[in-house]
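A quick write-up on the structure given underneath.
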Amino acid sequence: MKQIAVIGSGTMGNGIAHTFAQFNYKVNLIDINQSALDKAIQTITKNLDRQVAKGTLTDDQKAATLNNITTYTSIKDGVKSSDLIVEAATENLDLKLKIFKDLDEYAPEHAILASNTSSISITQIAAVTGRGDKVIGMHFMNPVPVMKLVEVIRGYATSDETTSTIMLLSQSLEKVPVEVNDYPGFVANRILMPMINEAIYTLYEGVAGVHEIDTVMKLGMAHPMGPLQLADFIGLDVCLAILKVLHDGFGNPKYAPCPLLVNMVAAEKKGAKTGEGFYKYTAGSKDLIVSDKFKKS
């Protein structure tokens, strides 16, 4: 595989594009919004600068990585010569189904169509295409250039050949691919999201405060980040969407989102990306400050 297309230039999309480009793949980064693409390139450049400063990348490698990325605002133009397309759009079923219908129409017949979805059924996505054997999940972790895991999700119709190709491709990016089957939440979020939800319930029911809950999990369980801080980092709207997929998919009340999470998303307090969730976020500040909503009186 030489030519990769990435659909969506947000946090995951630009991280995926960055990673493929750094390992000498040609990448077409596609988004309907040119300003979003410009912002993505700025983000990639800053992240590459950070790697150079740490000595993990040279200036020449940074330049080569950026030269490997071309931006497009048209799916049709951006995927026409691709060997692999990785969709990294918003975690919305209707949007993903529309994108995959378009990809099936515009991508070369040999191209593999992958989704970076964190919870939506690969089987359901594949069903809107005429190439179910070539549809697969590639669930990268954030931040993509740093995190080693790739969940490789095999849909009902995904072929052995497609699975093997994606496993080997992931290894070429110095990632560790783990093959899983297509059930709601896969492995990572089926285990992670109930933990985050329970942490939110623990706050909601007044058992302990934000800082206290996160401190217990960091010091007691050796987690690098507490579950409430992690939820802010993921995005509370994303956490809510995944919990809804788990709840709908299994019909089990243990996956029901905490009412506090539902209210926070409704109030646009979605975590780091909106400046406030369980913590408050100020540009340039590395201090963790609990949101005024949850400060003890």
Residues located in region 231-254, provided they are in contact with an Asp or Glu (Cβ under 8 Å, 6 or more places away or on another chain) and either in the same structural domain as S119 (by TED's automatic domain parsing) or small (G, A, S) (or both): A241
Given (1) out of contact with any Leu (no Cβ under 7 Å at 6 or more places or on another chain); (2) under 30 Å from C239 (Cβ atoms), index of the condition I120 fails: (1)
Criterion violated by I122 - all others in (1) among the aliphatic types (A, V, I, L, M); (2) modelled with pLDDT under 95; (3) touching a Gly at 6+ places or on another chain (Cβ under 8 Å) satisfied: (2)
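Table: residues versus (1) surrounded by fewer than 16 Cβ atoms within 10 Å (Cβ to Cβ); (2) closer than 22 Å to P143 by Cβ; (3) modelled with pLDDT of 95 or more; (4) of a type outside the set (D, E, K, R).
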residue	(1), (2), (3), (4)
I196	no, yes, yes, yes
E205	yes, no, yes, no
T215	yes, no, yes, yes
A222	yes, yes, yes, yes
L236	no, yes, yes, yes
L240	no, yes, yes, yes
L261	no, no, yes, yes
K273	no, yes, no, no
Hits in region 62-89 (condition: surrounded by fewer than 18 Cβ atoms within 10 Å (Cβ to Cβ), more than 14 Å from Y25 (Cβ to Cβ) and either touching a residue at least 12 places away in the same chain (Cβ under 8 Å) or not assigned by TED's automatic domain parsing to the domain that holds A17 (or both)): T73, S74, K76, K80
Some residue of region 43-51 being in a loop (DSSP other than H, G, I, E, B) and either in contact (Cβ under 8 Å) with a residue 40 or more places away in the chain or among the aliphatic types (A, V, I, L, M) (or both): no
Test: residue in region 238-253 that is in a helix (DSSP H, G or I) and in contact with a Leu (Cβ under 7 Å, 6 or more places away or on another chain): yes
Tabulated pairs, region 226-246, first without any contact (Cβ under 8 Å) to a residue 60 or more places away in the chain, second part of a helix (DSSP H, G or I) and of a type in the set (K, R), C-beta under 8 angstrom, 6+ apart or interchain: G226/K218; G235/K273
Filter result (under 16 Å from V210 (Cα atoms) and out of contact with any strand residue (DSSP E or B) (no Cβ under 6 Å at 6 or more places or on another chain)) within region 231-258: A231, F233, C258
Which listed residue, of M195, M217, is free of Cβ contacts under 8 Å to residues at least 24 places away in the same chain and not assigned by TED's automatic domain parsing to the domain that holds Q124: M217
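The values are calculated or read from the model by the stated rules, or taken from the named source; none is laboratory data. Everything numeric here is computed off the predicted structure, so don't read it as measured data. Backbone-built Cβ (ideal geometry, glycine too); neighbour counts: all protein chains shown.
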